[in-house]
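J.: Have a look at this one before I ask anything.
The values are calculated or read from the model by the stated rules, or taken from the named source; none is laboratory data. This one's a predicted model, so the numbers in the text were calculated from it and none came from an experiment. We place every Cβ from the backbone using ideal geometry, glycine too, and count neighbours over all the protein chains shown. With ligands, DNA and RNA removed, areas are computed over all heavy atoms of the protein, side chains included. Shrake-Rupley method; radii C 1.70, N 1.55, O 1.52, S 1.80 Å.
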Amino acid sequence: MQTIFENQFTYTEDYYEEYYQYIYFKRPIMLAINIILSINFIISLLSIMFPQLNALDTNTAEANIATVFIIICLQIYVYFKSKKRAYKKSLEMSEGKPRTLKILIHEKDISIFINSEKNVSVEFKDIEKIIETKNYYILISKVKSEVALKKDGFIKGSSKEFKQFLKQQKFTKS
């Protein structure tokens, strides 16, 4: 089986930060929720500042502002907690050292080596969607496991060629 692309990188805190930023703040559903919360916040604030607008009474407006504030704080707290927990779990899995991944991409599957040992193979037919962040491609399988590839970590092929390769496949891109 011929290797089309090869990618290698080390899971660092930066990876988990970028991944969880996407999950908690940039995913389309989270963007929609945050936009709705922002509109609610602005209407509530305007209702307090300009009572003649009669959009909301003062008590309702204050309750809305408090609720939005609590939801945003909770979202930020869960983001930091999840990011930290995931990185800590990754370190525990490799005896306190950051895990190094080597990913070999063939025409029909992906072979994943963690710390130089073959861990798993994933067939492209099992890839459900692709998340593209600033520095990574994250492939999500049907069993919700993820395969991350760092854009500047290509040893064979390039990020641009890999993106073209992914476009030829039939995946859902987020």
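J.: Please specify each residue of the stretch 87-106 satisfying the condition of being open to solvent by 20 Å² or more (accessible area, probe 1.4 Å) and more than 16 Å from residue 149 (Cα to Cα).
T.: 87, 88, 89, 91, 92, 93, 95, 96, 97
J.: Just checking, how many residues over the stretch 120-148 are free of Cβ contacts under 8 Å to residues at least 40 places away in the same chain, of a type in the set (A, V, I, L, M, F, W, C), in contact with a Ser or Thr (Cβ under 7 Å, 6 or more places away or on another chain) and closer than 19 Å to residue 10 by Cα?
T.: Qualifying residue count for the region: 0.
J.: Name the residues in the stretch 47-62 that are assigned to a helix (DSSP H, G or I) and open to solvent by 70 Å² or more (accessible area, probe 1.4 Å), would you?
T.: Pass one, the stretch 47-62, residues assigned to a helix (DSSP H, G or I): 47-49, 51-53, 58-62.
Residues satisfying the conditions are 49, 51, 52, 53, 59, 62.
J.: Would you mention how many residues in the stretch 85-119 are part of a helix (DSSP H, G or I) and free of Cβ contacts under 8 Å to residues at least 60 places away in the same chain?
T.: Let us first name the residues in the stretch 85-119 that are part of a helix (DSSP H, G or I), namely 85-93.
If we keep only those that are free of Cβ contacts under 8 Å to residues at least 60 places away in the same chain as well, we get 85, 88-89, 91-93.
Number satisfying all stated conditions: 6.
Yes/no matrix, rows are residues, columns are (1) more than 27 Å from residue 144 (Cβ to Cβ); (2) modelled with pLDDT of 90 or more:
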residue	(1), (2)
17	no, yes
38	yes, yes
41	yes, yes
55	yes, no
59	yes, no
66	yes, yes
72	no, yes
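J.: I'd like to know if the stretch 11-32 contains one or more residues that are in contact with a Lys or Arg (Cβ under 9 Å, 6 or more places away or on another chain) and not in a helix (DSSP H, G or I).
T.: Within the stretch 11-32, one or more residues are in contact with a Lys or Arg (Cβ under 9 Å, 6 or more places away or on another chain) and not in a helix (DSSP H, G or I).
J.: Scan the stretch 111-126 for residues that are closer than 17 Å to residue 101 by Cβ and at pLDDT below 90 and jot them down.
T.: If we filter the stretch 111-126 for residues that are closer than 17 Å to residue 101 by Cβ, which is where we start, we get 111-122.
114, 115, 116, 117, 118, 119, 120, 121, 122, listed by residue number.
J.: Shifting gears a bit: Working only within the stretch 125-165, note down all residues that are hydrophobic (A, V, I, L, M, F, W, C) and either surrounded by fewer than 18 Cβ atoms within 10 Å (Cβ to Cβ) or within 13 Å of the chain's Cα centre (by Cα) (or both).
T.: Once the filter is applied, which keeps residues that are hydrophobic (A, V, I, L, M, F, W, C) and either surrounded by fewer than 18 Cβ atoms within 10 Å (Cβ to Cβ) or within 13 Å of the chain's Cα centre (by Cα) (or both), the stretch 125-165 yields 130, 131, 138, 139, 140, 143, 147, 148, 149, 155, 165.
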